[in-house]
Amino acid sequence: MTVVALEGIEYFEADDREIRRDGWTYTAETLRSFPDEEDLFLIVGADTARGIPTWHEAGAVLERATIVVIPRPGVDRLEVDGALAASRFIWLDTPDVRLSGTMLRRQAAAGRSIRFLVREAVWRYVVENDIYAR
């Protein structure tokens, strides 16, 4: 679905290296698999960002990538700032869009359409492949 969602957007690239690996995957390992000269940006919601210091090899993650934080309802910005204080991170200035993968899956599983909540191509992919069916 990520490939479908990014079609026609030249400044993003879907990468499947994590799903091609066997066993557990860790963000630190994924980041190390990119060439050192590449600038990496890890885009996460604020709810996820505040927990990064607890991740496997968190120091390696914070050293290798700039963390890009998307605000989330109910997450205190100061809490995230404190968790990531010693690392490179930036907040995205985004509108308050209350969408999440969890919410989309629940909506679809309940038989409600997600058509206007995702890109048209993603919606078609979900319908054609019976994703999130009850």
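Considering only region 46-69, how many residues are closer than 27 Å to D96 by Cβ and exposed (fewer than 15 other Cβ atoms within 10 Å of the Cβ)?
3
Is there any pair with a first residue in region 107-121 that is more than 25 Å from E7 (Cα to Cα) and a second that is surrounded by 11 or more Cβ atoms within 10 Å (Cβ to Cβ) and among the hydroxyl-bearing types (S, T, Y) whose Cβ atoms are under 6 Å apart and which are 6 or more apart or on different chains, and what are they?
A109/Y132
Results for (1) acidic (D, E); (2) in contact with a His (Cβ under 6 Å, 6 or more places away or on another chain); (3) closer than 26 Å to Y125 by Cα; (4) assigned by TED's automatic domain parsing to the domain that holds W123, shown as yes or no for each residue.
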residue: Y11; (1), (2), (3), (4): no, no, yes, no
residue: S33; (1), (2), (3), (4): no, no, no, no
residue: L40; (1), (2), (3), (4): no, no, no, no
residue: R50; (1), (2), (3), (4): no, no, no, no
residue: R77; (1), (2), (3), (4): no, no, no, no
residue: A83; (1), (2), (3), (4): no, no, no, no
residue: M103; (1), (2), (3), (4): no, no, yes, yes
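Could we say that R115 is modelled with pLDDT of 95 or more, of a type in the set (D, E, K, R) and under 30 Å from G8 (Cα atoms) here?
Against the criterion (modelled with pLDDT of 95 or more, of a type in the set (D, E, K, R) and under 30 Å from G8 (Cα atoms)), R115 does not qualify.
Would you call T27 within 30 Å of W123 (Cα to Cα), among the β-branched types (V, I, T) and surrounded by 15 or more Cβ atoms within 10 Å (Cβ to Cβ)?
Yes: the conditions hold for T27.
May I ask you to verify whether A65 is more than 17 Å from T2 (Cα to Cα) and not aromatic (F, W, Y)?
Judged against the criteria, A65 is a match.
Can you name every one of the helices (runs of 4 or more DSSP H) wholly within region 37-100 that holds 2 or more residues which are within 16 Å of the chain's Cα centre (by Cα) and in contact (Cβ under 8 Å) with a residue 24 or more places away in the chain? If you could, list the steps in order and put the result at the bottom.
Values: elements: 46-49, 58-64, 77-83.
Correct list: 46-49, 58-64.
The values are calculated or read from the model by the stated rules, or taken from the named source; none is laboratory data. Given the structure is predicted, the values throughout are model-derived calculations rather than measurements. FYI the Cβ positions are ideal-geometry reconstructions off the backbone, even for glycines, and counts take in every protein chain you see.
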